[in-house]
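In what follows, a single structure is set out as structure tokens and then discussed.
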Amino acid sequence: MSAPSVDASLPAPQRGSMRELLEVAVPLIISSGSVSLMHVVDRIYLTWWSLDALAAALPAGLSFWAAISLPMGIAVYTNTFVAQYTGAGRKGKLVASVWQGSYLAVFAGLLLLGLIPFTGAIFAWMGHESAVQAFEVQYFSVMLYGAAPMMLAAVLSSFFSGRGRTRVVMAVNLLVALMNVGLDYVLIFGIDGLISPGGVRGAAAATVIAQATAAVIFAWLVVKACREDGYPLWEHWPFNRELAGRMLWYGLPNGVQFLVDISAFVVFIGFVGHVGKQELTATNLAFNINSLAFIPMMGVSTAVMTLVGQRIGERQPDLAVRTTWLAFLLSSVYMMAWAFLFLALPDVVLAPYAAFAEIESFAELRPMVVMLLRFIVLYSFFDAMLIVFGASIRGAGDTKFSMLFSFATGWLLMVLPVWLASRAGALSLHFAWWTVTLYIVVLGLGFLARFLRGHWKTMSVIGQDDASELSEELTIPAASTTPADAAAAAAAVGPAHTDSA
């Protein structure tokens, strides 16, 4: 597999234009959409297998993401370092950043295996019904084996996404998603005489195998690209204490934000489970349907972080502002289209889940899910807001505000009210979802306000480099890049270098 080349005769897009944004974002949207489809199909299969399994998948999945969120947040922030070093023309440091992120991913993944003996105690604390709890333990235990390859794949993919070569990421993720869908069916339902049905354990195993495959493919592509494009891969493999420390300084708040966000939802889901198993199952289904709209927007988020990072590296923050507003326009239209579908045609969205589910049980579940989809419609616009403006300020390095603001809103506006209502014996599904809606609305408005304030424009994650190292210029052959790469590289050898020197 190789990255698609770009016709050198094509003119580079105007920097800060919609075309530039789309060239970077569309492959990432497709890539994220394939991940979304993978999760949706996984939940559809589990719905056919058992509604108890479906009820267990969300709390177990969120608990897994809570466990890996801190190192994963640091790992994915490698993308910002790659983007800013691309904009600044720092070839060696770009490669070194990927090495440091890879070391962190493998080390953290091995540490997380130490949670396996405590899995039973973790889900006993949640207090869900015994049948659901057994499935939660199975899913979480297997998923822990996928932590290292999942984080490593995220780091290695940033070598391409951070430079704007997002079609490589799209190709790998599409391949892995298709692989996962096939493995899901086989490992969940089994094959007579060959493979025993695995249920939720099989669903988790399919994800682990797919992520390990993605890590291997990305590793091969990184080695291949470095050899072909002249990146000094093997010269920068040693551990770099200064660079690793800087990646932790900026990436740790990003990881903490991941942790507090996901932990807040884990606690929230735990309380919803106390309301009832049907309420928990409906919440799982509603969030899974919402992922059809939300997860592809993660592609826009990565594109915004990449382009803002490159513009900060080039010292062109005004172009970053323009890109961010264009991304918000694109995201708003997209999210509103999904909101219309959820509101006007909910049965179309629910049809795949109902196809082979237990008819009576699903019929009881349907009105509850339709009601929850209306909450999603209410907060969709603000979801787009927090995705785009949050990504923009993090792409510049403003991760501490993002961490603190997310912590305050998540725990004060969502978790605390649900906890108090649960203590008072007054918690209902309606009340719980009103707190989620309020949380997302405030989060979106807060990130917009921070973006408008403009503090992020003066930030840079690579600002502490020694001036003596600034002679490392990044010259990228036009034939192996996207137009966005070419534009960024051209700007990188201009005023940004002389000013830094």
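The values are calculated or read from the model by the stated rules, or taken from the named source; none is laboratory data. What you see is a predicted model, and the numbers here were worked out from it, not measured in a lab. When we count neighbours, we look across all protein chains shown, and the Cβ atoms used for this are built from the backbone with ideal geometry, even at glycine.
Scanning region 67-93 for residues that are among the small types (Gly, Ala, Ser) and closer than 14 Å to Met150 by Cβ, which turns out surrounded by the most Cβ atoms within 10 Å (Cβ to Cβ)? Steps first, please.
At the first step, the residues of region 67-93 found to be among the small types (Gly, Ala, Ser) are 67, 69, 73, 75, 83, 87-89, 92.
Narrowing further to those that are closer than 14 Å to Met150 by Cβ: 67, 69, 73, 75.
Details: Ala67: 22, Ser69: 22, Gly73: 24, Ala75: 28.
Taking the candidates together, the pick is Ala75.
Report every pair of residues separated by at least 6 positions or lying on different chains whose Cβ atoms are under 8 Å apart, first residue within region 303-328 and in a helix (DSSP H, G or I), second modelled with pLDDT of 90 or more and among the aromatic types (Phe, Trp, Tyr).
Thr324/Phe389; Thr324/Phe451; Phe328/Phe389
Which of the residues spanning region 295-323 are of a type outside the set (Gly, Ala, Ser) and over 18 Å from the mean Cα position of the chain (by Cα)?
Gln310, Arg311, Ile312, Glu314, Arg315, Gln316, Pro317, Asp318, Leu319, Val321, Arg322, Thr323 - these are the residues of region 295-323 that are of a type outside the set (Gly, Ala, Ser) and over 18 Å from the mean Cα position of the chain (by Cα).
Sort out which residues of region 16-33 are modelled with pLDDT of 75 or more and surrounded by 20 or more Cβ atoms within 10 Å (Cβ to Cβ), and write them in order of number.
Gly16, Glu20, Leu21, Glu23, Val24, Ala25, Pro27, Leu28, Ile29, Ser31
In region 404-438, what residues are under 26 Å from Asn290 (Cα atoms) and either of a type in the set (Lys, Arg) or in contact with a Gly (Cβ under 6 Å, 6 or more places away or on another chain) (or both)?
Phe405
Which residue, of Ala75, Ala108, Ala83, is without any contact (Cβ under 8 Å) to a residue 60 or more places away in the chain, more than 30 Å from Gly276 (Cα to Cα) and within 20 Å of the chain's Cα centre (by Cα)?
It is Ala108.
Could you say which residue among Arg374, Arg394 is surrounded by fewer than 23 Cβ atoms within 10 Å (Cβ to Cβ) and in contact (Cβ under 8 Å) with a residue 24 or more places away in the chain?
Result: Arg374 is the single residue among Arg374, Arg394 that is surrounded by fewer than 23 Cβ atoms within 10 Å (Cβ to Cβ) and in contact (Cβ under 8 Å) with a residue 24 or more places away in the chain.
What helices (runs of 4 or more DSSP H) lie completely within region 128-205 and have 2 or more residues being hydroxyl-bearing (Ser, Thr, Tyr) and closer than 22 Å to Ile44 by Cα?
130-143
Which ones in region 339-367 are surrounded by fewer than 19 Cβ atoms within 10 Å (Cβ to Cβ), modelled with pLDDT under 75 and either charged (D, E, K, R) or part of a helix (DSSP H, G or I) (or both)?
Correct list: Ala354, Glu358, Ile359, Glu360, Ser361.
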